[in-house]
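Engineer: Shown below is the structure under consideration.
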Amino acid sequence: MAKDYYGILGVQKDATEDDIKKAFRKLAQKYHPDKKGGDEAKFKEASEAYAVLSDKKRRAEYDAYGRSFAGFGGQGGQGFGDFDFAGFARGFDGFSAGNGSSFGGEFDLGDIFGEFFGGQNPRRARGRDVSLDIELSFREAIFGSERRVLVAKMGECNHCKGSGARPGSALISCAACNGRGEVREARNSFFGSITTSRPCPRCHGRGQVPEAPCESCKGLGITRREEEIHVVVPPGVADGEMIRMPGRGEAATGAPAGDLYVKLHVKPDPSYTREGNNLLTTLPIKLTDALLGASFTIRSIDGEIALEIPAGINHGELIRVSERGVPHGRGSRGDLLVRVEIQLPHKLSPTAKELIEKLRGEGL
């Protein structure tokens, strides 16, 4: 009895190719036998349905002939042949039906099965990531800084320049993988025979080996050494921020180097508090200055600046000085916010008391 492929995928007969693909992706994630709670039979059934409905020609035949459809060798969907995954899901280019025909590029499950098998190409482990900490002054965090630090890590061998070969000797093709850089292994599954690829353990994926190994790195091309790294800290960084330097971590034989992560620690400043891109500082003034107004010279992060206090200012009021804060964007800066704190006298002279009594009488 012919199967209801639309029912298996849970879609309508007028479903689009995208609808069919999404439906199969959902079922594949649910029933894949390598996942906990998976169901091999349902997974294979969903794969069979998708194989037909994702192929325009076979879908048309299925819609036309229904029960008599023989798109999988005339056995109602039986007859999955062998195919070559070549590194787990290479787009099912080698997947063939029982009648010997190939689904080719139209039956592209590589993106779906890549979720389960780890991508279309054998993944080479890259070098380890390295982290370090740098302490900055408040001013260095605001305006940026540069540091040169020594990091002990696996790096390119200086003796052989990373080739792994003794200076003066050559690199030859790896006999273990015939220069391909990868080896293939076959295993059986419910799909048939699956061929997987992994980096060659002898040449570490390079495809070549030293004719005479370097004495310093034993032919690996990498060795542990100290490396001076130039770290550029951009303006406006905050405490705890991380700078990522791609490829500056530990080197690996036949694989990309890891990354370097620099964690920044900014020392606090006694005069300023950072609020986003603005800087906040406090200015204590006398009561008479608050009542009558006054001129002050204050210290900003750029140096001394003149500040006018308007008459009648209130305690806690903010005065904004533009473009004296934290640099950000392209040439932009935040502001300096000056919080006014009116300091009241703890003790008044008889003359001061008399004057204040007069002010009280005037309603002030």
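Engineer: Go through the range 321-337 and report how many residues are over 17 Å from residue 144 (Cα atoms) and in contact with a Lys or Arg (Cβ under 8 Å, 6 or more places away or on another chain).
Structural biologist: Residues flagged as over 17 Å from residue 144 (Cα atoms) and in contact with a Lys or Arg (Cβ under 8 Å, 6 or more places away or on another chain) within the range 321-337 amount to 3.
Engineer: For residues that are of a type in the set (Gly, Ala, Ser) and touching a Ser or Thr at 6+ places or on another chain (Cβ under 8 Å), tally how many sit in the range 20-53.
Structural biologist: Residues that pass the stated criteria total 1.
Engineer: Before we move on, is residue 232 buried (at least 18 other Cβ atoms within 10 Å of the Cβ) and either among the hydrophobic types (A, V, I, L, M, F, W, C) or assigned by TED's automatic domain parsing to the domain that holds residue 342 (or both)? Give the derivation first.
Structural biologist: Details: buried (at least 18 other Cβ atoms within 10 Å of the Cβ): no; either among the hydrophobic types (A, V, I, L, M, F, W, C) or assigned by TED's automatic domain parsing to the domain that holds residue 342 (or both): yes.
In short, no.
Engineer: Identify, by number, the condition in (1) over 35 Å from the mean Cα position of the chain (by Cα); (2) surrounded by 14 or more Cβ atoms within 10 Å (Cβ to Cβ); (3) not in a helix (DSSP H, G or I) that residue 33 doesn't meet.
Structural biologist: Of the numbered conditions (1) over 35 Å from the mean Cα position of the chain (by Cα); (2) surrounded by 14 or more Cβ atoms within 10 Å (Cβ to Cβ); (3) not in a helix (DSSP H, G or I), the odd one out for residue 33 is (1).
Engineer: Same structure again: Would it be correct to say that residue 302 is outside the structural domain of residue 134 (by TED's automatic domain parsing) and crowded, with 16+ Cβ neighbours inside 10 Å?
Structural biologist: Working: outside the structural domain of residue 134 (by TED's automatic domain parsing): yes; crowded, with 16+ Cβ neighbours inside 10 Å: no.
Answer is no for this residue.
Engineer: Quick check on my filter: what residues within the range 314-364 are part of a loop (DSSP other than H, G, I, E, B) and surrounded by 14 or more Cβ atoms within 10 Å (Cβ to Cβ)? Write out each step before concluding.
Structural biologist: Applying the first criterion (part of a loop (DSSP other than H, G, I, E, B)) to the range 314-364 yields 314-317, 322-326, 329-331, 334-335, 344-349, 362-364.
Residues satisfying the conditions are 317, 324, 325, 326, 334, 335.
Engineer: Go through the residues of the range 11-19 one by one and say whether even a single one is at pLDDT 85 or above and in contact with a Ser or Thr (Cβ under 7 Å, 6 or more places away or on another chain).
Structural biologist: Within the range 11-19, one or more residues are at pLDDT 85 or above and in contact with a Ser or Thr (Cβ under 7 Å, 6 or more places away or on another chain).
Engineer: Only one of these is within 34 Å of the chain's Cα centre (by Cα), outside the structural domain of residue 329 (by TED's automatic domain parsing) and part of a loop (DSSP other than H, G, I, E, B): 179, 155. Name it.
Structural biologist: 179
Engineer: Just the residues that are under 14 Å from residue 341 (Cβ atoms) and in a strand (DSSP E or B), please, taken from the range 274-289.
Structural biologist: Step one: of the range 274-289, the residues under 14 Å from residue 341 (Cβ atoms) are 280-287, 289.
If the condition is that a residue be under 14 Å from residue 341 (Cβ atoms) and in a strand (DSSP E or B), then 280, 281, 282, 283, 284, 285, 286 are the ones that fit.
Listed here are the residues, each with its yes/no results for (1) surrounded by 17 or more Cβ atoms within 10 Å (Cβ to Cβ); (2) more than 31 Å from the chain's Cα centre (by Cα); (3) part of a strand (DSSP E or B).
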{"position": "206", "(1), (2), (3)": "yes, no, no"}
{"position": "220", "(1), (2), (3)": "yes, no, no"}
{"position": "237", "(1), (2), (3)": "yes, no, no"}
{"position": "257", "(1), (2), (3)": "yes, no, no"}
{"position": "261", "(1), (2), (3)": "no, no, yes"}
{"position": "268", "(1), (2), (3)": "no, no, no"}
{"position": "291", "(1), (2), (3)": "no, yes, no"}
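Engineer: Spot the failing condition for residue 198; the list is (1) at pLDDT below 90; (2) part of a loop (DSSP other than H, G, I, E, B), and only one is missed.
Structural biologist: (2)
Engineer: Filter the range 145-179 for residues that are in contact with a Cys (Cβ under 9 Å, 6 or more places away or on another chain) and buried (at least 18 other Cβ atoms within 10 Å of the Cβ); which is nearest to residue 228 (Cα to Cα)?
Structural biologist: Restricting to residues being in contact with a Cys (Cβ under 9 Å, 6 or more places away or on another chain) and buried (at least 18 other Cβ atoms within 10 Å of the Cβ), the top hit is 157.
The values are calculated or read from the model by the stated rules, or taken from the named source; none is laboratory data. Predicted, not measured: the structure shown is a model, and the values here were computed from it. Note that we place each Cβ from the backbone using ideal geometry, even for glycine, and neighbour counts take in every protein chain shown.
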